[in-house]
Every structure is written in C-alpha cells, then in structure tokens.
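Trainee: Have a look at this one.
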Amino acid sequence: MNTVKLNNGVVMPQLGFGVWQVPDAEAAPAVAEALEAGYRSIDTAAAYGNEAGTGQAIAESGLARDDVFVTTKLWNSDQGYDSTLRAFDDSMRKLGLDVLDLYLIHWPAPGRDLYVDTWKAFAELREQGRVRAIGVSNFQPGHLRRLIDETGVTPAVNQIELHPYLQQAELRAFHAEHGIQTEAWSPLGQGGELLSDPVVQKIALAHGKSAAQVVLRWHLQIGNVVIPKSVTPSRIRENIDVFDFELPEAELEALSTLDRGGRIGPHPDELD
Ligand code: NAD
C-alpha cells in the first residue's frame with residue numbers, strides 16, 4: 001500500500017475505504033470485507049451514524065491496532081471548544097478506540113463562526129496524545145488561512161470533494177504551499193456520469209482496467225489520498241486493485257481536461 005507522510009510525520013495510507021451512507025448494521029460487514037481485501041484506512045464520521053459498526057469490524061478483524069488508520073469527523077452542531085471535547089469522547093466510545101489516527105472538522109460552517117475555537121480543541125486533543133493527526137474537511141483557502149493565522153497550527157489534511165470533473169486546482173496549490181495533504185472525497189464522482197465519460201473509458205480499455213480504477217489511479221498519481229466507497233464486495237476489491245499499472249503523462253493530461261467545476265455536494269461557504 002502506498003503511503004503519504006503528513007506534516008507532523010504521521011504516515012497515512014494513500015488509499016482508504018469510505019463509509020458514508022452505509023447504515024450502521026451494514027458498516028461492520030462492509031468494513032470487514034474492506035480489511036480482508038487489504039484496505040488499511042477507514043474514513044467515517046459522527047454524522048454517518050456508523051462509528052459503532054466500523055469500530056466493531058476493526059476490533060473483530062484480528063489486525064493490530066497500529067495496522068489500521070482510522071479517521072472520524074466532528075459534526076457541525078458539535079463545533080465549539082467544550083462541545084468538541086465531548087463529541088470526541090462520544091465518537092471514541094462508539095469506535096471503541098483509545099487513540100484516533102485522524103480527526104477532521106467536517107465542514108467549516110462559517111455561519112456558526114466556531115471553527116477556530118473547535119480547532120483549538122483539536123490541537124489540545126493532539127497535545128494530549130488522544131489523536132495522532134488533526135485536519136479539516138471542506139475548508140476553502142480563506143478558512144485555512146484563518147486557522148493558521150489565529151492558532152499557528154496548520155491542518156495535516158484537508159478532505160475535499162475532488163474528482164476529474166472538479167479538480168480544485170486553487171485549493172491543491174494552497175495545500176502544496178502549506179504542507180497540507182489533499183484528500184479526495186467522492187473520488188469516483190459517486191459513480192455517476194464520470195465513469196462512463198468517453199475519455200475515461202478509452203484509457204480504461206487501453207489498460208484492461210475499469211473506469212473506476214483509472215480514476216483512482218489518476219488521483220494517486222497526482223498525489224491525492226483517496227477513500228472510495230462501495231458495499232459491493234467485487235467493487236471493494238476492484239477499487240484497491242490499482243497498484244499494478246501506471247497512467248502515462250499524456251493520459252493524466254487527457255483526464256485533466258475533464259475539469260468543469262462539476263460539484264456534487266454542497267458549497268462549503270453555504271452549509272452550516
Ligand atoms: P465515491 O466517489 O466513492 O462513489 C461511491 C459510489 O460509486 C458507490 O456508492 C457506487 O455507487 C459507485 N462505485 C464504487 N465503486 C465502483 C466501481 N468500482 N465501479 C462502479 N461504480 C462504483 O463517493 P462517496 O461515497 O460520496 O465518497 C467516498 C467517501 O468520501 C465517503 O464514503 C466518505 O467516507 C467520504 N465523504 C466525505 C465527505 C465530506 O464532507 N468530508 C462528503 C462525501 C463523502
């Protein structure tokens with residue numbers, strides 16, 4: 001498994017398994033399947049309602065705790081210093097873990113204006129050794145700048161919507177400049193039109209790989225961490241079988257031409 005080194009030295013697998021929209025009862029078998037297939041990073045969130053099922057699968061996997069990288073996220077309504085500390089304890093109880101690998105602020109929720117206080121609580125949790133790395137999700141350059149300016153603590157990761165139809169050049173450049181790891185959510189564009197795009201299809205045919213595998217390979221080669229989601233065992237396996245081929249520069253460029261600002265999720269400035 002390829003890994004990336006975060007800005008505080010913590011090592012994170014470059015490809016993980018996302019569990020958004022997986023009900024708690026289905027999370028345990030799906031995560032078990034993913035761990036069996038070789039995934040060593042799991043991305044959940046308090047808001048997904050499946051931290052318990054996710055934690056159960058990790059506990060039952062027989063893998064050493066150090067071998068699985070676990071990410072969860074703080075929901076918007078829990079932002080604020082004290083409420084963050086409480087929400088963290090709640091997530092850890094559900095996950096059944098003592099130490100978390102990566103904790104993310106799920107959305108900046110600028111209308112609440114609490115993300116700086118929230119970030120101070122995140123820094124405290126890291127100081128206490130309860131979480132190994134702290135980051136954010138859906139932060140725009142202005143939100144990131146404010147965190148850094150007001151706390152002096154740079155997020156290790158920003159998890160953002162990113163796929164060939166929404167390539168986020170400005171944010172990726174900001175991340176590169178500040179040592180923030182880009183992590184792509186909905187890396188497959190939620191399995192929609194992107195996977196039947198003729199440009200993707202042509203490259204897939206040339207390599208004898210699927211469209212999903214080509215898109216994941218594009219992410220890996222441009223340096224993104226990816227967390228594709230599936231509950232279908234064959235697709236779970238397909239999505240991690242991406243380390244035996246390489247896209248040449250010309251194909252990376254062809255995929256880069258697909259950018260069209262095609263956002264699927266909400267705009268981060270508009271969700272509170
Ligand atoms: P995704 O791009 O991973 O697409 C998942 C969907 O694509 C599946 O439900 C399935 O329909 C299809 N699919 C998966 N594998 C396929 C394959 N091999 N061939 C064909 N179709 C396939 O979308 P996602 O679930 O939105 O994002 C992945 C993860 O990112 C989530 O599970 C979650 O962990 C995270 N996420 C985070 C945020 C955030 O705000 N931080 C938002 C959305 C998602």
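Trainee: Which residue, of Ala30, Ala37, is touching a helix residue (DSSP H, G or I) at 6+ places or on another chain (Cβ under 7 Å) and under 19 Å from Ser234 (Cα atoms)?
Mentor: Ala37
Trainee: Same structure again: For the stretch 224-237, how many residues are under 26 Å from Arg172 (Cβ atoms), within 11 Å of the ligand (Cβ to nearest atom) and out of contact with any His (no Cβ under 7 Å at 6 or more places or on another chain)?
Mentor: 5
Trainee: Tell me whether the stretch 108-115 contains one or more residues that are among the aliphatic types (A, V, I, L, M) and in contact with a Lys or Arg (Cβ under 6 Å, 6 or more places away or on another chain).
Mentor: no
Trainee: Against the condition more than 11 Å from the ligand (Cβ to nearest atom), within 22 Å of Gly135 (Cβ to Cβ) and either modelled with pLDDT of 95 or more or in contact with a strand residue (DSSP E or B) (Cβ under 7 Å, 6 or more places away or on another chain) (or both), how does Ser61 come out, does it pass?
Mentor: It is false that Ser61 is more than 11 Å from the ligand (Cβ to nearest atom), within 22 Å of Gly135 (Cβ to Cβ) and either modelled with pLDDT of 95 or more or in contact with a strand residue (DSSP E or B) (Cβ under 7 Å, 6 or more places away or on another chain) (or both).
Trainee: If you take just the strands (runs of 3 or more DSSP E) that sit entirely in the stretch 1-85, which of them hold at least 1 residues that are among the basic types (Lys, Arg) and touching a Leu at 6+ places or on another chain (Cβ under 9 Å)?
Mentor: Once the strands (runs of 3 or more DSSP E) in the stretch 1-85 are filtered for at least 1 residues that are among the basic types (Lys, Arg) and touching a Leu at 6+ places or on another chain (Cβ under 9 Å), what remains is 69-74.
The values are calculated or read from the model by the stated rules, or taken from the named source; none is laboratory data. Because the structure is a prediction, the values reported are computed rather than measured. No Cβ is skipped: glycine too gets one built from the backbone with ideal geometry, and neighbour counts run over all protein chains shown.
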